[in-house]
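These notes are about the structure you will find just below.
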Amino acid sequence: MIYSHTQTPNRTSCVYHDINQDARGTITLIPASSNHPGGVNVLFMDGAVRFVNSSVSYRTWSAIATPDKGEPIDAGSY
């Protein structure tokens, strides 16, 4: 499954089949999703698995994916 970190969890997906290219995550809108009500389990690079609510703010969701920018993330915000 291709995944892109461009939308918060469990949003509606958009896959572009008519572009005659591979289905890269950079040109699709496929968010993290699961059958868990209210959110998704996320594996972090330190090996921890945490549940992230579907209602997480886009700013926090984006910060989770950009460790090189150094944004502090409060564990209570997701």
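Laboratory data are not the source of any read-out in this text; all were calculated from the coordinates shown. If you're wondering where the values come from, they're calculated on a predicted model, not measured in any experiment. No Cβ is skipped: glycine too gets one built from the backbone with ideal geometry, and neighbour counts run over all protein chains shown.
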Check your understanding: Where in the range 41-69 does the amide nitrogen come within less than 13 Å of the point 7 Å from the Cα of SER34, taken along Cα to Cβ?
Key -> 41-44, 48-55
Practice item. State the extension gain, in nm to one decimal, for the chain segment bounded by ASP74 and TYR3, taking 0.36 nm per residue of separation less the distance between their alpha-carbons. Key: 23.1 nm
**Study point:** Built amide H within the under 5 Å cut-off of GLY39, gap 5+
**Key:** SER54
